[in-house]
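Here, each number is a calculation from the coordinates, and none is a lab measurement. Predicted model, so just to flag it, every value in this text is computed and none were measured. A quick note on method: Cβ atoms are made from the backbone with ideal geometry, for glycine too, and the neighbour counts reach across all protein chains shown.
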Amino acid sequence: KNALAFAEIFHLLKPDVFIDTHVSNGADYQYALTHLFTQHNKLGGPLGGYVHSDIMPKLEAALSGKNWDITPYVNVFNRPPETGFSQFMDFPRYSTGYTALWNTLGLMVETHMLKPYKTRVEGTYELLKSMIEITENEGDRIKALRAASHEAFTAAATYPIQWETDTTKTSTLSFKGYESGYIPSEVTGALRLYYDRNKPLTKAVAYQDHYKPSVEVTVPAAYIVPQGWWPVVKRLKANHVEMKSLEKDSAMTVEVYKIASYQTISSPFEGHYLHYNTKVTAIEETVRFRKGDYIVATLQPGFRYIMETLEPGAPDSFFNWNFFDTVLQQKEGFSPYVFEDTAKKMLETDEVLRKTFETEKENDKAFSGDWFAQLNWLYQRSVHYEKAYLRYPIYRVSKAQ
């Protein structure tokens with residue numbers, strides 16, 4: 001409910017700039033303040049470059065004029081930051097990643113946990129004041145760039161759903177840290193990381209602050225969401241996604257995804273066993289939809305939210321957050337003593353199938369010695385095989401239609 005309440009407030013205000021305030025951990029260094037702007041390549045469009053090359057330097061300069069040093073969020077854990085680090089990738093599960101889906105300029109303030117509370121509060125206050133002043137001066141430009149970014153995204157033929165560090169582009173930070181090393185732990189006897197605050201240092205540190213798309217998908221004209229998936233419909237509505245209900249039962253030619261592979265984390269995250277590295281195959285098929293099913297056009301203000309949640313390969317898709325896990329379970333099977341006769345008939349009447357089956361046995365010794373695997377192989381190619389198994393239940397309508 002907290003997330004739904006946050007969405008309600010966000011869409012009520014429709015902010016041009018969003019700021020979240022946090023406390024950071026992971027390493028020790030001289031800074032009380034660090035900034036975590038939404039990743040500029042992912043924010044994309046003309047707005048992304050503006051945040052990286054204009055807004056961020058202006059904020060740093062404004063705070064420097066108030067004697068507040070600030071650096072990008074120190075994205076390390078249990079290792080010295082002087083070895084270099086990359087910009088944090090704020091996927092849509094994070095507040096600034098979520099607000100970026102509406103081309104809102106997002107900023108996370110991270111104050112250092114080991115600095116005095118008074119210092120952290122004062123630093124946050126000065127940062128907020130500086131950012132408000134910048135926003136006031138740049139307001140018209142920010143609004144124009146937000147609109148331009150939306151137009152650029154919705155006009156594109158493809159949309160990036162996965163990202164990777166661009167190792168060809170590296171920045172250098174003049175980083176203010178402390179000398180560090182490893183000393184024997186008095187608890188475990190193993191070596192532990194140690195920072196010497198009596199030995200501050202300033203060092204040039206490699207900072208990888210550029211990302212590039214690793215997976216892109218074509219943008220459909222619309223998605224069709226069957227009404228039975230009400231938890232998904234509820235979240236689309238909560239995020240002001242425009243939808244139309246089918247007025248009657250209809251047959252439509254659509255693109256259908258099959259889940260080809262995926263992985264799942266071993267421990268729960270926020271109450272979910274998230275999937276990742278999800279890959280799909282696609283076929284075109286005529287599907288019958290029911291009156292009341294939803295057509296979600298992509299050309300609308302919620303374009304990026306739609307793409308990030310309904311494309312199963314996106315890191316924070318509804319699929320990866322377990323909304324469609326029922327399609328991952330095969331509920332139907334076969335009784336070997338009954339299916340034997342059907343399998344025999346299949347091989348007798350389908351020469352291509354028979355040859356493929358024989359080739360499979362010749363090339364796979366384990367398969368050739370496993371009678372159940374052989375029957376299951378044939379069952380998967382029969383008309384009785386469960387159609388819904390691994391079939392992604394959200395459908396894509398091509399722009400060509």
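Counting only residues 5 or more places away or on other chains, whose amide H sits under 5 Å from the amide H of D20 once H atoms are built in the peptide plane?
L107, M108, V109
Quick check on packing: order 383-394, 178-189 by the mean number of other C-beta atoms within 10 Å, highest mean leading.
For the peptides 383-394, 178-189, the packing ranking is 383-394, 178-189.
Pull out a ≥ b ≥ c, the square roots of the eigenvalues of the alpha-carbon gyration tensor of segment 1-50, then state rounded if a/c is under 1.5, prolate if not and a/b is larger than b/c, and oblate in the remaining case.
oblate
Determine the calculated [θ] at 222 nm for the chain from helices alone, applying -39500 (n - 2.57) to every DSSP H run no shorter than 4 residues and normalising by the residue count; nearest 500 deg cm²/dmol.
-10000 deg cm²/dmol
Which of the GluC sites (Glu not before Pro) found in segment 274-360 are loop residues per DSSP with 12 or fewer other Cβ atoms within 10 Å of their Cβ?
Answer by residue number: E332.
Given Cβ point charges of +1 (Lys, Arg) and -1 (Asp, Glu) and nothing else, what value in debye, to the nearest 20, does the dipole of the chain about its Cα centre take?
Result for the chain is approximately 520 debye, rounded to the nearest 20.
With helices defined as uninterrupted DSSP H runs, which ones in the chain have an alpha carbon span along their own long axis of at least 30 Å and mean Kyte-Doolittle hydropathy of at least 1.6?
none
Taking the Cα centre of segment 2-156 as origin and charging only Cβ (+1 Lys, Arg; -1 Asp, Glu), how large is the dipole, in debye to the nearest 20?
200
What is the distance in Å between the Cα centroid of segment 59-79 and that of segment 333-355?
Their Cα centres are 68 Å away from one another.
For segment 56-105, state which chymotrypsin sites (Phe, Trp or Tyr not before Pro) are in a DSSP loop and have at most 15 other beta carbons lying within 10 Å of their beta carbon.
When the chymotrypsin sites (Phe, Trp or Tyr not before Pro) of segment 56-105 are filtered for loop state and at most 15 Cβ neighbours within 10 Å, F77 remain.
On the principal axes of its Cα set, how long, how wide and how thick is segment 2-156? Give whole Å, largest value first.
The Cα atoms of segment 2-156 stretch 45, 32, 31 Å along the principal axes, largest first.
Provide the gained length on full extension for the span N363 to H22, in nm with one decimal, where the gain is 0.36 nm per separating residue minus the Cα-Cα distance.
117.0 nm
Cβ under 11 Å from V254's Cβ, V254 left aside: what net charge do those residues give with Lys, Arg +1 and Asp, Glu -1?
Result for the neighbourhood of V254: -1.
Evaluate E = 1/(1 + (r/R0)^6) for A282 and R192, where r is the Cβ-Cβ distance and R0 equals 45 Å; express this FRET efficiency to the nearest 0.05.
0.35
Subtract the Cα-Cα distance of K399 and L353 from 0.36 nm times their separation in residues, and report this length gain in nm to one decimal.
Taking K399 through L353 to full extension adds about 13.0 nm, to one decimal.
Distance between the C-alpha centers of segment 1-41 and segment 207-230? Whole Å please.
That distance is 22 Å.
Could you check which residue among H210, H112, H272 shows the biggest mean-square fluctuation in a GNM of the chain with a 10 Å Cα cutoff?
Maximum among the listed residues: H272.
Mind pulling up the Rg/Rh value for segment 336-379? Radius of gyration and Kirkwood radius, both on Cα.
Taking Rg over the Kirkwood Rh, I get 0.95.
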